[in-house]
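Note sheet for the following structure.
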Amino acid sequence: MRPSTSRRALLKGIAAASTTVPVLFSSRSLPPQRSSIAQTEDLRGDVKWVAGACTICGQGCPVKLKVLNGNTIVGVSFNMEPNRPQHYAVCGKVFAIPYAHRHPRRIKRPMIREGQRGSGSFRPVSWDEALDYVAQNLQKFASAPHQLVFFSHQGWEAPIMDEFARLMKTPNVTDHADTCFHGSAAGRWFLFGRFVGPGATYPDYEHAQFVVFMGRNPYGGIVAAPWTKSLSEAVSRGLRVVVFDVRYSEICEVAERYYLIKPGTDLAVSLAIAREIIVNKLYNADYLNSYTNASMLFYHDTVRPVRLRRIESGDRADKLDYLVYCDVDKMYRFKGEAKRAKLDFSGIFEGKRVITALRILGNALEKYTPEWAESISGVDSEEIMWIARTLASYGSRAFIDPGYKSVRYYNEPMLHRVNALINVLIGSWGSKGGVAWSRKLPVPIPLPEGGFKVVAGKC
């Protein structure tokens, strides 16, 4: 049986729990370090730096906490190991911990907005009034629960919010991932045909030779600790780094080149990089032939697959095969029978013009020139071409960092989609020194079978 609870009691429980700041720390003393915030209060007493870990998200980034008299946090700094590069960083949320605990202007009681949305006018109220206000507004949707959406964080909050959504009879409840990395996952869905979040991949800084960062700063952005150590060690061994940012941030200090770009214009640069790689045939042809459907033939007018068939034997049994143009005997064959499929091809099959997936992509990118990207972003076109050439020259040991979230603009998924596509073109997905799979990742054929003609025999 589920324990019974009233909606009012559940609301109170959520409100009380949400006031805590999840910080773990041990009593192991550390050498004094500079605090992250200026202190104006009386710090007389026993002040120590102790090792800790931030648990605002699930990464557990290492921190040092300046603690007064054993129970009051008065400062925060990131925790650096001895004899390691000083880039073992944490994100900005960590430095707000003392403020969340003790800032004189922190919110201490519920507030209800007065006036129009955006006016910034709020009045403090009691918990009873606040809960009544929420309950009254929720009742308006009793007959239309599908219009309610609940957002939750991770850990203990998620099951509570799930239960509350069940009580309200709405299926619309999210977790932290929906606002953390689903923008990037949504973009990659178009390439892999499935959800591929950050946990399914690993940016292999240790073995990489060239990495581009867009909308990602492991030295100061979210989810920093798992990557900063390996990135810093790779930089010390000669990893070349290029950074795009809207400000001079910590990661610019280790960058070979950095570009202070107009906010939200990274996508223009990515489109131009992808165009340069395809137009100049800088892509990894062997990789594309082996692991992608770049050679797959489509009808030019409808952009539908020309032929599909089901494979009935071998290690790829029950998979779909598709028609390609064989570059060896100049014949149309199914991919499984072609010695080498032509990637960039346009021709006539059964009286109709057909075209490869790679040629379709190249045509779509044709207008996104480096000069066009320069007019949007302010990044010099020659620099964009240099990045494209350098990425391609290192191939599988180069990549654009897959990142987490970037800007939350409506085109954020497209930015991650194009960057993931660039990593495909140079052959870095699933490669040593590229974006490695940290676990088995079966990738289905990127097109559904339904609605297409599937044949059993040979071409």
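The values are calculated or read from the model by the stated rules, or taken from the named source; none is laboratory data. Please read all numbers here as calculations on a predicted model, not as lab measurements. FYI the Cβ positions are ideal-geometry reconstructions off the backbone, even for glycines, and counts take in every protein chain you see.
Taking the range 276-291 on its own, how many of its residues are of a type in the set (Val, Ile, Thr) and surrounded by fewer than 20 Cβ atoms within 10 Å (Cβ to Cβ)?
First, pick out the residues of the range 276-291 that are of a type in the set (Val, Ile, Thr): 277-279.
So of that shortlist, the ones also surrounded by fewer than 20 Cβ atoms within 10 Å (Cβ to Cβ) come out as 279.
The total comes to 1.
Would you be able to tell me the number of residues in the range 225-270 that are out of contact with any Lys or Arg (no Cβ under 8 Å at 6 or more places or on another chain), at pLDDT below 95 and of a type in the set (Val, Ile, Thr)?
Count: 6.
Filter the range 168-182 down to residues that are at pLDDT 80 or above and surrounded by 15 or more Cβ atoms within 10 Å (Cβ to Cβ) and give me whichever is nearest to Val424 (Cα to Cα). Working first, answer last.
Taking the range 168-182 first, the residues at pLDDT 80 or above are 168-173.
Now restrict to residues that are surrounded by 15 or more Cβ atoms within 10 Å (Cβ to Cβ): 168, 170, 173.
Numbers: Met168: 44, Thr170: 39, Val173: 33 Å.
Ranking the candidates gives Val173 first.
Return the residues of the range 183-224 that are more than 16 Å from the chain's Cα centre (by Cα) and either among the aliphatic types (A, V, I, L, M) or at pLDDT 85 or above (or both); say none if nothing qualifies.
Residues satisfying the conditions are Tyr205, Glu206, His207, Ala208, Gln209, Phe210.
Mind checking which pairs have a first residue in the range 341-356 that is among the basic types (Lys, Arg) and a second that is assigned to a loop (DSSP other than H, G, I, E, B), Cβ under 7 Å, 6 or more apart or different chains?
Within 7 Å, the pairs are Lys342/Ser295; Lys342/Asp327; Arg353/His300.
Anything in the range 104-135 that is free of Cβ contacts under 8 Å to residues at least 40 places away in the same chain, in a loop (DSSP other than H, G, I, E, B) and more than 32 Å from the chain's Cα centre (by Cα)? List them, or say none.
Residues of the range 104-135 free of Cβ contacts under 8 Å to residues at least 40 places away in the same chain: 104-109, 111-126, 128-129, 132-133.
Then drop every residue that is not in a loop (DSSP other than H, G, I, E, B), which leaves 104-109, 114-121, 125-126.
Selection gives Pro104, Arg105, Lys108, Arg109, Glu114, Gly115, Gln116, Ser119, Ser121, Val125, Ser126.
Could you tell me how many of the residues in the range 386-405 are at negative phi and surrounded by fewer than 23 Cβ atoms within 10 Å (Cβ to Cβ)?
10
Could you please find all residues in the range 136-185 being in a loop (DSSP other than H, G, I, E, B), polar (S, T, N, Q) and free of Cβ contacts under 8 Å to residues at least 24 places away in the same chain? Reasoning before the result, please.
Here is the first cut: in the range 136-185, the residues in a loop (DSSP other than H, G, I, E, B) are 140-144, 148-149, 151-156, 168-172, 174-176, 181.
Subsequent filtering for residues that are polar (S, T, N, Q) retains 143, 152, 154, 170, 172, 174.
Ser143 - this is the single residue of the range 136-185 that is in a loop (DSSP other than H, G, I, E, B), polar (S, T, N, Q) and free of Cβ contacts under 8 Å to residues at least 24 places away in the same chain.
If you check Ile251 against the conditions, is it touching a residue at least 12 places away in the same chain (Cβ under 8 Å), part of a helix (DSSP H, G or I), touching a strand residue (DSSP E or B) at 6+ places or on another chain (Cβ under 6 Å) and not assigned by TED's automatic domain parsing to the domain that holds Val94? Show your work before the answer.
On the way: touching a residue at least 12 places away in the same chain (Cβ under 8 Å): yes; part of a helix (DSSP H, G or I): yes; touching a strand residue (DSSP E or B) at 6+ places or on another chain (Cβ under 6 Å): yes; not assigned by TED's automatic domain parsing to the domain that holds Val94: yes.
When the stated conditions are applied, Ile251 passes them.
Which fully enclosed helices (runs of 4 or more DSSP H) of the range 341-427 have 3 or more residues being within 28 Å of Tyr299 (Cα to Cα) and among the hydrophobic types (A, V, I, L, M, F, W, C)?
Working: elements: 357-365, 370-377, 381-394, 412-425.
So the answer is 357-365, 412-425.
Quick check on the range 272-285. Is at least one of its residues closer than 15 Å to Ile422 by Cα, in contact (Cβ under 8 Å) with a residue 40 or more places away in the chain, out of contact with any helix residue (DSSP H, G or I) (no Cβ under 8 Å at 6 or more places or on another chain) and not in a loop (DSSP other than H, G, I, E, B)?
yes
Could you check Val324 against (1) outside any strand (DSSP E or B); (2) of a type in the set (A, V, I, L, M, F, W, C); (3) touching a Lys or Arg at 6+ places or on another chain (Cβ under 9 Å) and say which number it fails?
(1)
In the set Phe298, Phe244, which member is surrounded by fewer than 22 Cβ atoms within 10 Å (Cβ to Cβ) and touching a strand residue (DSSP E or B) at 6+ places or on another chain (Cβ under 7 Å)?
On the way: Phe244 fails: surrounded by fewer than 22 Cβ atoms within 10 Å (Cβ to Cβ).
Criteria check complete, one pass: Phe298.
Looking only at the range 421-446, how many residues end up being modelled with pLDDT under 95 and either surrounded by fewer than 19 Cβ atoms within 10 Å (Cβ to Cβ) or of a type in the set (A, V, I, L, M, F, W, C) (or both)?
Count: 15.
Go through the residues of the range 321-330 one by one and say whether even a single one is of a type in the set (Val, Ile, Thr), out of contact with any strand residue (DSSP E or B) (no Cβ under 9 Å at 6 or more places or on another chain) and closer than 17 Å to Leu191 by Cα.
Taking the range 321-330 first, the residues of a type in the set (Val, Ile, Thr) are 324, 328.
Then drop every residue that is not out of contact with any strand residue (DSSP E or B) (no Cβ under 9 Å at 6 or more places or on another chain), which leaves 328.
Right, trim to closer than 17 Å to Leu191 by Cα and you get none.
Looking through the range 321-330, none of the residues is of a type in the set (Val, Ile, Thr), out of contact with any strand residue (DSSP E or B) (no Cβ under 9 Å at 6 or more places or on another chain) and closer than 17 Å to Leu191 by Cα.
Can you tell me which condition Gln116 does not meet? The list is (1) assigned by TED's automatic domain parsing to the domain that holds Tyr404; (2) out of contact with any helix residue (DSSP H, G or I) (no Cβ under 8 Å at 6 or more places or on another chain), and all the others hold.
That leaves (1) as the condition not met.
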